[in-house]
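Presented below is the structure to which this report refers.
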């Protein structure tokens, strides 16, 4: 007796293979508009990895990951080697439609390396989207929203400079601000929080220490900025100081967010048990879109607030992926950090625009941005 194929099997059989013929790991140095000073480093240029995946029919997909030696341990050279020597060769000759089978095999073959894994997955999903005409978000789930409000980072030397920059960015459409702390004397950083709050009395405002505070300083900052109404204080302590986090969350009612300490679903659970109010989800920390979407669902179940962020600074390739993620997770109530705005030059033909305070979910196939390969060549690290 002949058995008719089931509809899903018929669809797979009717789908022409999308065979990967080439995977390129491209190091680039993208200039920033101004240096960004953080607790552990000062960034003057974005040393990123681009992944270009080309199918046999000529379709191309792109991915991006920022080097983050103080956050993920990923250096630019290490990321290039990870893709060139390990992940790329495993993909050549494979059908991109089999990504859900290929993905776990790649993670088994190369432990950690969240940035390279994320950039590869991004490029594969962009490739699949361009081949099918579908947006990336429609390949991995359903959008919960169609636009996000980006936040702007403030990290100048004086309160006056921060206030002036905040007012200027507010006029451009930014309506959420994050103070970079852990880099100046504590009393000065407390004063800056109050000065910015006085200048912007109703604006969502938070602070990020990037692991730069002691317990005593973190407690003091949280308590002495209460009247500034900070939505949260992000990663005040070392990334692995779970006991310190537990003590801090018991000592203050100001919500404490975790960023550098989140690299897995297990880290999210541990942070929640220690009393964290929310977490920052980054593609490079979690190893890609699939894991980050799962992390967003876990945060919903645990009652954690969520910030979606790209690393300083990614091009509109990485920013587009962050927007897709922010529109795909159940909630992003602690804001969205989209970082191509900090670049002096982008590498796409039309950088993601800010309009009426929002960055819209790109409507084109895949990531929805068109890469300028001449710009990529210009900023390539030789």
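What follows is calculated from the coordinates using simple rules that are stated; it is not laboratory data. What you are looking at is a predicted structure, and each value in this text was computed from that prediction instead of being measured. Using ideal geometry, Cβ is built from the backbone for each residue, glycine included, and neighbour counts are taken over all protein chains shown.
In what sequence do 103, 22 fall when counting other Cβ within 10 Å, fewest first?
The most exposed by this proxy come first: 22, 103.
Taken over the alpha carbons of the range 250-335 as equal point scatterers, the Debye sum produces base-10 log I(q)/I(0) values at 0.12 Å⁻¹ of -0.31. When only alpha carbons of the range 92-185 are considered, Rg and Dmax amount to 20.3, 57 Å.
Quick check: the angle from helix 242-251's long axis to the longest principal axis of the chain, C-alpha only, nearest 10 degrees? Taking the Cα atoms of the chain, the angle to 242-251 is about 50 degrees.
At full extension, residue 224 and residue 187 could sit 12.4 nm farther apart than now, given 0.36 nm per residue minus the alpha carbon distance. Cα-based radius of gyration for the range 215-290, normalised by 2.2 N^0.38 Å, reads 1.09.
Per residue of the chain, the DSSP helices (runs of n ≥ 4 H) give a summed -39500 (n - 2.57) that works out to -11500 deg cm²/dmol at 222 nm. The Cα center of the range 60-137 and the Cα center of the range 190-214 differ in position by 36 Å.
Compute the whole-percent fraction of alpha carbon pairs in the range 268-382 spaced more than 25 Å apart. Write out the running numbers ahead of the final one.
Numbers: 1744 of 6555 pairs.
When every Cα pair of the range 268-382 is considered, 27 percent fall beyond 25 Å.
Normalised by 2.2 N^0.38 Å, where N counts its residues, the alpha-carbon radius of gyration of the range 111-266 equals 1.25.
Test of understanding: ordering 71, 122 by Cβ neighbours within 10 Å, fewest first, what list do you get?
Values: 71 24, 122 29.
Placing the least packed residue first, the sequence is 71, 122.
If you wrap a convex hull around the alpha carbons of the range 140-372, what volume per residue comes out, as a whole number of Å³? Mind showing how you got there, number by number?
Working: hull volume 26.4 nm³, N = 233.
Residue-normalised Cα hull volume stands at 113 Å³.
The Kirkwood hydrodynamic radius of the range 274-318, based on inverse pair distances between different Cα atoms, is 11.2 Å.
Going by neighbour counts of Cβ atoms within 10 Å, the residues 99, 334 line up, fewest first, as 99, 334.
Given a cut-off of 25 Å, what percent of all Cα-Cα pairs of the range 7-134 lie beyond it? When every Cα pair of the range 7-134 is considered, 31 percent fall beyond 25 Å.
What nm distance separates the two modelled labels at residue 84 and residue 109, each placed 7 Å from Cα along Cα→Cβ? About 1.7 nm, to one decimal.
How many percent of DSSP beta bridges within the chain run antiparallel, rounded to 5? Provide the component values of the computation, followed by the final result.
Details: 28 of 49 bridges.
Given both bridge residues lie in the chain, the antiparallel proportion sits at roughly 55 percent.
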